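Undergrad: Dropping a structure here in structure tokens format, bear with me for questions.
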Amino acid sequence: MSVLTANSRRDLEVHRYPAPLYVAAPVVALVVQALLPRVMGRFAYFDLPLVITIYFALGRRSPIQGMFMGGFMGIFEDALTHHAIGINGIAKTVAGYLAASVGIRIDVQNTIIRILLNFVLSLLCSAVVVFIHRVLLGIELHWNWLEMLFVAIGNSIVALFLFPLLDRFQVRD
Amino acid sequence: MESFFVRYRNLLVLLTLLLVQIIGLAVQVRRIDPARRSLDSADSSGVRLIRLWANAVVAPVERSLEYSKTGVFGFWKNYIDLRHVRQQNRDLQDTVDRLRLEQAALLEDARQGQRLQGMLDFQQKYLYKTVDAQIIGTSGSDQSRLFTIDKGKHEGLARDMAVITADGIVGKVREVFPHSSQVLAINDQSSGAGVILETTRIRGILRGNEEGQPQIVGILADARIKPGENVLTAGGDQIFPRGLPVGTVEKVENDPDRDGFITVIIKPAAHLDRLDEVLVITDTEPRFSSQQQKDIATSEQDKSADAAALSEQRKASAIMAERLPGLTDPNAPPKPANPQGANGAPATPAATVVPKILPPQHPDRFTPGHADQPDQQAPASTPGPRPPSANPVQKKPPTPNSTPAPKPATPPKPNPQPQPPRDEQPQPQSGSPPTGPGRGGDHRDE
């Protein structure tokens, strides 16, 4: 249990990144998310904006920054669709808040925690989207829980390779 | 109060953000058909503005990436992927060249096969023994119409053998080597072949002129020789069998050296300048096919059977003639006791046997013995000077064949034909006039 909890000073420190990365990484994630489905078709089982949101929320350990990052990413995704703006915004806002809140309490440098956190938050985000569609908006949304599972697995795999890559850009004192 | 906001700052921010977005969703959602439970597709100006911004951010990147992808793919497709195109092009060009050569070879083989098939057909129909040969070279000079064939002494070739094709004669074997031979074409100036014009039957000697055209020389001027007449081998030169096609008369020219003689230019039947395969006549004895030999054997058997039957018939006729007494003249002198001569040879009969003359079926005034009984020809009760004939046949007009000769009655010529047996030809009574044309009819004709 001591492994999972953040009991050292290093574990509780806030990760800092270059300022352009806060812009470039979300934009690249949004663009790639918009481009790859053209290549991979229906097999694009990942959500890069969500992965970026979780990463920065975990790294910054700030729920407010995580919520704004998630809200921005979600609204941006919604803007690229024909759906109402705010569906993914709400879902990713919640995801950013939870990721940052969890990052305060546990060791986010652990790979397994990162993968599990991505997996759980991906399922939660998908559940929030379905909830908004079917409950708040009252829109018939055809969804498949297996696809949600694949998306969660895909996000975990992407995070497995993307998080170490983004860690290289950390600004250390 | 301040500590409340500080303590629950994160949660309050979360609720605020969620509330704002939910309100935003509520503003965007406009139901137009509760039954369809679908949203209005029309966006408000604010939402459209957000979409425009998002699109403005993503579209340039997407466009640049798309262009980059197109450029990368184009670079890959046009350069990287075409690295071995030159080599492949060279390989394909080599393949095309090789295939062209193979095609040309196959085409040539096909043509050669057709030619050989035609020659084989001709050879099978030809009655002489021949050897097919391939032309492998020429003399290389226009002054020497000589070419080399791939068959020689070991294949049975010899000098002065005729060389022909299915179209006509080609030349004759001039020199024979173990496995090759030289053939002198008929259009060489030193060649010679006896030929005959098919229609006019004019004979001449065929040889080549300076231009390599075969011509017939030494012919007296004859207006009957026309272009297009076929020329055949005459068979008198002991080289070419008789009747082989030589060519056709192309034109007739006066012999510049000798007055009254002409030169007949021949268009050869064989393509002397495009020869590939020829036939060499190695034996002029007729070579019949199996069917022809079978037919000949059958014909010989039939001929033998006919000869045997004829011999038997003659023998039976001789026996019959000996047994029949009517065939001998009773007034003839008796035969000598020894029918053979002094040397043992059969003796020639001394007197000619005169056969007995049959009574004429239509006696007339020239018939022997007719003048002695004139009254018996016409009945006495005939009132008119021209009594009608009892035989109506005499009323028909005379024919040139039936006109009697106006010469007096002569003794009849002895009939060389053997007399038929007496029992087969009944003899009429002597002196009785036979039924037939009477004298009155003859008078009327006269």
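Read-outs: derived from the displayed coordinates by stated rules, not from any lab. Note that the structure is a prediction, hence the values are computed from the model and not measured. When we count neighbours, we look across all protein chains shown, and the Cβ atoms used for this are built from the backbone with ideal geometry, even at glycine.
Undergrad: Once the Cα gyration tensor of the range B:171-232 is found, what semi-axes does its equivalent ellipsoid get, as square roots of 5 times the eigenvalues, in whole Å, sorted largest first?
TA: 28, 12, 9
Undergrad: Along the Cα-to-C-beta direction of B:GLN213, a point sits 7 Å from the Cα; which residues of the range B:230-271 have their amide N less than 14 Å from that point?
TA: Residues B:248-256, B:263-269 qualify, since their backbone N sits under 14 Å from the label point.
Undergrad: Tally Lys and Arg at +1 and Asp and Glu at -1 over the other residues with C-beta under 12 Å from the C-beta of A:LEU48: what net charge comes out?
TA: That works out to -1.
Undergrad: If you don't mind, another one. Net charge around B:ARG203, counting only other residues with Cβ within less than 13 Å of its Cβ (Lys, Arg = +1; Asp, Glu = -1)?
TA: For residues surrounding B:ARG203, the net value is -1.
Undergrad: Taking all pairs of different Cα atoms in the range A:121-163, averaging 1/r and flipping that mean, what Kirkwood radius in angstroms comes out?
TA: After inverting the mean inverse Cα-Cα distance, the result is 11.1 Å.
Undergrad: Around B:ASP237, which amide H atoms from residues at least 5 apart in sequence, or from another chain, sit under 5 Å from its own amide H, with H modelled in the peptide plane?
TA: Under 5 Å from the amide H of B:ASP237 lie the amide H atoms of B:GLY194, each far enough along the sequence or on another chain.
Undergrad: Quick check on the exposure proxy: order A:MET69, A:MET40 from fewest to most C-beta atoms within 10 angstrom.
TA: The most exposed by this proxy come first: A:MET40, A:MET69.
Undergrad: Tally Lys/Arg at +1 and Asp/Glu at -1 over every other residue whose Cβ is under 14 Å from the Cβ of B:GLY260; what's the total?
TA: For residues surrounding B:GLY260, the net value is -4.
Undergrad: On a full-extension model of 0.36 nm per residue, what is the gain between B:SER317 and B:THR200, subtracting their alpha-carbon distance, rounded to one decimal in nm?
TA: Using 0.36 nm per residue and subtracting the Cα-Cα distance, I get 37.2 nm.
Undergrad: For labels at B:LYS77 and A:GLN170 in the simple 7 Å Cα→Cβ model, what's the distance in nm?
TA: About 4.5 nm, to one decimal.
Undergrad: Further question: What distance in nm separates the simple spin-label points at B:VAL29 and B:GLN238, each placed 7 Å from Cα in the Cβ direction?
TA: The two pseudo-label positions are separated by 12.8 nm.
Undergrad: Before rounding to the nearest 500, sum -39500 (n - 2.57) across all DSSP H runs of length at least 4 in chain A and divide by the residue total; then give [θ] at 222 nm in deg cm²/dmol.
TA: -23000 deg cm²/dmol
Undergrad: Further question on the same structure: How far apart, in nanometres, would the label points at B:HIS84 and B:THR16 be if each is projected 7 angstrom from Cα along the Cα-to-Cβ direction?
TA: The modelled label-to-label distance comes out at 6.6 nm.
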